[in-house]
1. Just to check your reading of the model, which residue among Ile22, Ile15 is surrounded by 14 or more Cβ atoms within 10 Å (Cβ to Cβ), under 11 Å from the mean Cα position of the chain (by Cα) and over 21 Å from Trp93 (Cβ atoms)?
2. Report whether or not Leu64 is touching a Gly at 6+ places or on another chain (Cβ under 9 Å), free of Cβ contacts under 8 Å to residues at least 40 places away in the same chain and assigned to a helix (DSSP H, G or I).
3. Given the condition open to solvent by 30 Å² or more (accessible area, probe 1.4 Å) and among the polar types (S, T, N, Q), answer yes or no: does some residue in region 35-42 qualify?
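The values are calculated or read from the model by the stated rules, or taken from the named source; none is laboratory data. Worth saying up front: this structure is predicted, and the values here are computed from it rather than measured. Note: ideal-geometry Cβ built from the backbone for every residue, glycine included; neighbour counts use all protein chains shown. The accessibility values were calculated without ligands, DNA or RNA, using every heavy atom of the protein model including side chains. Shrake-Rupley method; radii C 1.70, N 1.55, O 1.52, S 1.80 Å.
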Amino acid sequence: MTEFIQQYNLMGLLIGAATFLIIGLFHPLVIKGEYYFGTRIWVAFLLLGIAGCVGSIYFLDMFLSIVSGVVAFSSFWSIKEVFEQEQRVKKGWFPCNERRLKNSKTIDK
């Protein structure tokens, strides 16, 4: 399989497709994460980003190393997006999880 990918120079296409899928996956993860856990989910994205950085250094296979790096920096970008998602919820652009707010001590509206 590796020879086929190298022979037809498909690595760029595979990395592009993997990047597209990873970014597409993180968009709903940010929305659902903020919905169910609030902005506290940023810690999970931080840990995933650190793990992705370690994996990127650890993996000897170029494809796995690059994909780990893409996961890492998509995770770091998601930290910013979680806090922006909170603002989008406050503007009414996305639904608010009322059950999470009822369990919270402070309700900020």
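1. Values: Ile15 fails: under 11 Å from the mean Cα position of the chain (by Cα).
Just one listed residue meets the conditions, Ile22.
2. Details: touching a Gly at 6+ places or on another chain (Cβ under 9 Å): yes; free of Cβ contacts under 8 Å to residues at least 40 places away in the same chain: yes; assigned to a helix (DSSP H, G or I): yes.
Against the criterion (touching a Gly at 6+ places or on another chain (Cβ under 9 Å), free of Cβ contacts under 8 Å to residues at least 40 places away in the same chain and assigned to a helix (DSSP H, G or I)), Leu64 qualifies.
3. Yes: one or more hits.
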